[in-house]
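Down below is the structure, laid out as structure tokens.
The values are calculated or read from the model by the stated rules, or taken from the named source; none is laboratory data. Bear in mind that the values here come from a model prediction, so they are computed numbers and not experimental data. Here the Cβ positions follow ideal geometry from the backbone for every residue, glycine too, while neighbour counts run over all protein chains shown. The accessibility values were calculated without ligands, DNA or RNA, using every heavy atom of the protein model including side chains. Shrake-Rupley method; radii C 1.70, N 1.55, O 1.52, S 1.80 Å.
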Amino acid sequence: MLLQLLSAVVASLTSFVSLSFLGVFINQLVGGQAKQTGFFLLGAFVMVVFLLNAIGQWLAVNARLQSQALNMRARSNMAKHLVEVDYTTFIDGEFRNRYSATKTGLQFTGGFEIYINSFLNQLVTLVTTSVLAAGLVVTLLVSRSPQQTVLAGFVNSPFFIVVLVILVVLPLLAAVFFSKRGSAVLDAFFAANIKLNQVLSYYFEIAFKSVSVAKTLRLFDPKDSFLDEANKQVIAGVSTDTELQLKYNQLAGMPGLITGACVGALYILVASKALTGAISVGFVVASVGYLQVLILALSGLFNAWGNRRAAMRTIDDYTEFMAMGEVGAQPGLPLKETAKFRIQFEHVSYRYRGQTGLALDDINLRIDEGERIAVVGPNGSGKSTFVKLLIGLIKPTSGRILFNGEDVQQLDHIAYQRLFGVVAQDFFVFATSIAENIVAGTSPRRQELDDSLRLSGLADRVADLPAGSRTPATRELDAQGVSLSGGEAQKLAIARAIYQQPEFLVLDEPTAALDPLAEVAVYQNFDQMIQGKTGLYVSHRMSSTRFSQKIYVFNQAKLVAQGTHESLMAENGLYAELFNAQAQYYQDNA
Ligand SMILES: Nc1ncnc2c1ncn2[C@@H]1O[C@H](COP(=O)(O)OP(=O)(O)O)[C@@H](O)[C@H]1O
Ligand SMILES: [Mg+2]
């Protein structure tokens, strides 16, 4: 900030010194004074200007770096917010839209950088220039011609001042007029650009670069219709972009033309003072030069004022984005210690933001420590929503979840979540080593690492790798990395959950990517994975329930049945229907 201001001051000072010197030098030439003084003056001048320029450059470069750092800081704050914000806010579309708008805004409007760089800079330039110019302008105004001619009469009259003021103010009015129009165009330009950037990054940075999309495109889109669509949108975007830029440049150029004309007129006006003997020739050059600097400073300020709107909007977007959602642990009560914990759902319903229907409708159930539970039901019946509520990722829209009789909302959130080890349906493999993916930030324990690799069924694969579990788990950052198949990646996610040795292991459809043999292995290892602790296994495969003592059946947002495999089969309800249908399917295909 200080650098910005200093840099503007030095820039003004440099033009002041140059112009003043020019005035003095011209006077010497006109007066025919000794050449030696002239050369001495020239030498001194060159040195001073060189010095000022050097300082000015240094300040300007550092100021720019500083304001760039400001934008980088904003970007990293945003990334932090993405990571830390509560899950409910994160999955809200509005949150992510605001993120893209702000990110694009920072990139294209300059955001914080533009605001500080151009607006404050111009403001300081104007103040410095005015202070430095004051003496010259006053001298120019009060100097009087001793002659009696008509021109001298004009020069000495108030009209002279009126014309001078008009010539200074006119460019300013032009700047205001055109910057208003220009800033409307600039707004449109930024809006179009944000959209264009979204299209560009969606198609070219995300979709066309993703391996799974590449497969889809090759298999289903032989005519490249998606590429055509992308190109169409990009071409349309670029042409709007160009049009608006041209328009803006036309508008932005006008004040410069008008300023040029006015400065020409100013030279004539002020020269008339010199002609009538009121001031010296050198003074004409210096003062008009300085008036020009003043005019530029003024119109620059107005321009910056006009341009700041888009930047301000980005800063607003940023502030709003950063204020969205909850960050950090809310204070809560410590978990109540009991011999065996129990978790109860009391009339729990959940509705996703922006949805009309309930994803879960009036769920009542009780889980006791040590149970092995299966949750089954068709796609979309609410199983994963149930899991997210259970592990405290989302809060019930209505109803309560109790841990040892106390509402989970009142409890220390982190301590509660730490009970659970979870394999969600959508897991992510980081580009770090396999071991780092599994220990996930905790200190590595060799034995547990080996156990989790064995139980998840990944041990043989890892043993075959030249660097073992130190091998990078993807190739994205390291060509030496391993390219895991979908099923292997899923096993890695399972190993990660087991490694934590959680009180309560939750697997949400962990076998979707596994082959039938690997799937059976996961069922069979489930007991060992939970090591006598609590386990919950979500699946739409009915066969998975055989390893569980207690089964919950979800259908269309409701918990429709619960019991053991035998009791549910005896009920002959949805469970038996689904089980028989799948069993028959497997038998028919066997
Ligand atoms: N982030 C979300 N936003 C809006 N609706 C969602 C979201 N996630 C899931 N749903 C909806 O909630 C319902 C239950 O989904 P889910 O719990 O994932 O089902 P399951 O895991 O049983 O397949 C579905 O209708 C689904 O479309
Ligand atoms: Mg699910």
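Exactly one of these conditions fails for Phe177: (1) modelled with pLDDT of 85 or more; (2) assigned to a loop (DSSP other than H, G, I, E, B). Give me its number.
(2)
Return the total of residues in the range 479-523 being open to solvent by 60 Å² or more (accessible area, probe 1.4 Å) and either at pLDDT 85 or above or within 32 Å of the chain's Cα centre (by Cα) (or both).
Going through the range 479-523 one residue at a time, the tally reaches 6.
Say whether the condition of being assigned to a helix (DSSP H, G or I) and within 29 Å of Leu186 (Cα to Cα) is met by at least one residue in the range 263-277.
The answer is yes; a qualifying residue exists.
Mind telling me which of the residues Val234, Val281, Val285 ends up being in contact with a Phe, Trp or Tyr (Cβ under 9 Å, 6 or more places away or on another chain) and under 22 Å from Val163 (Cβ atoms)?
Val285
Only one of Ala79, Ala101 is at pLDDT 90 or above and either within 29 Å of the chain's Cα centre (by Cα) or assigned to a helix (DSSP H, G or I) (or both). Can you tell me which?
Ala79
Tell me, please, whether a residue that is open to solvent by 50 Å² or more (accessible area, probe 1.4 Å) and within 25 Å of Gln198 (Cβ to Cβ) can be found in the range 53-70.
yes
Does any residue of the range 580-590 turn out to be touching a residue at least 40 places away in the same chain (Cβ under 8 Å), part of a helix (DSSP H, G or I) and more than 30 Å from Leu484 (Cβ to Cβ)?
yes
Would you check if Gln245 is out of contact with any strand residue (DSSP E or B) (no Cβ under 8 Å at 6 or more places or on another chain), touching a residue at least 12 places away in the same chain (Cβ under 8 Å) and open to solvent by 50 Å² or more (accessible area, probe 1.4 Å)?
The answer is yes for Gln245.
Mind checking which residues of the range 124-163 are without any contact (Cβ under 8 Å) to a residue 12 or more places away in the chain and in a helix (DSSP H, G or I)?
Selection gives Val127, Val131, Ala134, Gly135, Val138, Val142, Val150, Gly153, Pro158, Phe159, Val162.
Given (1) under 34 Å from the mean Cα position of the chain (by Cα); (2) free of Cβ contacts under 8 Å to residues at least 24 places away in the same chain, identify the lone condition not met by Leu358.
Condition not satisfied by Leu358: (2).
Which of the following residues is within 16 Å of ligand 2 (Cβ to nearest atom) and farther than 21 Å from Lys533 by Cα: Pro378, Pro444?
None of the others qualify; the one that does is Pro378.
Let me confirm something: among Gln36, Gln28, Gln4, which residue is in a helix (DSSP H, G or I) and at pLDDT below 75?
Gln36
Which of the residues spanning the range 139-169 are open to solvent by 80 Å² or more (accessible area, probe 1.4 Å) and closer than 20 Å to Cys262 by Cα?
Pro158, Phe159, Ile166
Please determine whether any residue of the range 339-347 is among the polar types (S, T, N, Q) and either in contact with a Cys (Cβ under 6 Å, 6 or more places away or on another chain) or in the same structural domain as Ala188 (by TED's automatic domain parsing) (or both).
no
Please go through (1) farther than 11 Å from Phe321 by Cβ; (2) in contact with a helix residue (DSSP H, G or I) (Cβ under 7 Å, 6 or more places away or on another chain); (3) surrounded by 17 or more Cβ atoms within 10 Å (Cβ to Cβ) for Asp86 and return the number of the only condition it doesn't satisfy.
Condition not satisfied by Asp86: (2).
Which of the residues that make up the range 389-419 are modelled with pLDDT of 95 or more and within 16 Å of ligand 2 (Cβ to nearest atom)?
Correct list: Leu389, Leu390.
Evaluate the range 447-468: report whether one residue or more is in a strand (DSSP E or B), over 23 Å from Tyr523 (Cβ atoms) and touching a residue at least 12 places away in the same chain (Cβ under 8 Å).
Within the range 447-468, not a single residue is in a strand (DSSP E or B), over 23 Å from Tyr523 (Cβ atoms) and touching a residue at least 12 places away in the same chain (Cβ under 8 Å).
So which residues in the range 358-377 are open to solvent by 10 Å² or more (accessible area, probe 1.4 Å) and near ligand 1 (Cβ under 7 Å from one of its atoms)?
Of everything in the range 358-377, just one residue is open to solvent by 10 Å² or more (accessible area, probe 1.4 Å) and near ligand 1 (Cβ under 7 Å from one of its atoms), namely Ala359.
Somewhere in the range 381-388, is a residue open to solvent by 50 Å² or more (accessible area, probe 1.4 Å) and either more than 15 Å from ligand 1 (Cβ to nearest atom) or closer than 19 Å to Met542 by Cβ (or both)?
No: zero hits.
Do the conditions hold for Leu294, that is, is it open to solvent by 10 Å² or more (accessible area, probe 1.4 Å) and part of a helix (DSSP H, G or I)?
Considered against the rule, which asks whether it is open to solvent by 10 Å² or more (accessible area, probe 1.4 Å) and part of a helix (DSSP H, G or I), Leu294 comes out as yes.
Could we say that Lys550 is of a type outside the set (S, T, N, Q), in contact with a strand residue (DSSP E or B) (Cβ under 6 Å, 6 or more places away or on another chain) and in contact (Cβ under 8 Å) with a residue 12 or more places away in the chain here?
Yes.
Considering only the range 390-431, state which residues are within 12 Å of ligand 1 (Cβ to nearest atom), under 28 Å from the mean Cα position of the chain (by Cα) and touching a residue at least 12 places away in the same chain (Cβ under 8 Å).
Leu393, Ile394, Ala424, Gln425
Output the residues belonging to the range 532-547 that are open to solvent by 10 Å² or more (accessible area, probe 1.4 Å) and either within 16 Å of ligand 1 (Cβ to nearest atom) or modelled with pLDDT of 80 or more (or both).
Gly532, Lys533, His540, Arg541
Exactly one of these conditions fails for Pro331: (1) buried (at least 17 other Cβ atoms within 10 Å of the Cβ); (2) at pLDDT below 90. Give me its number.
(1)
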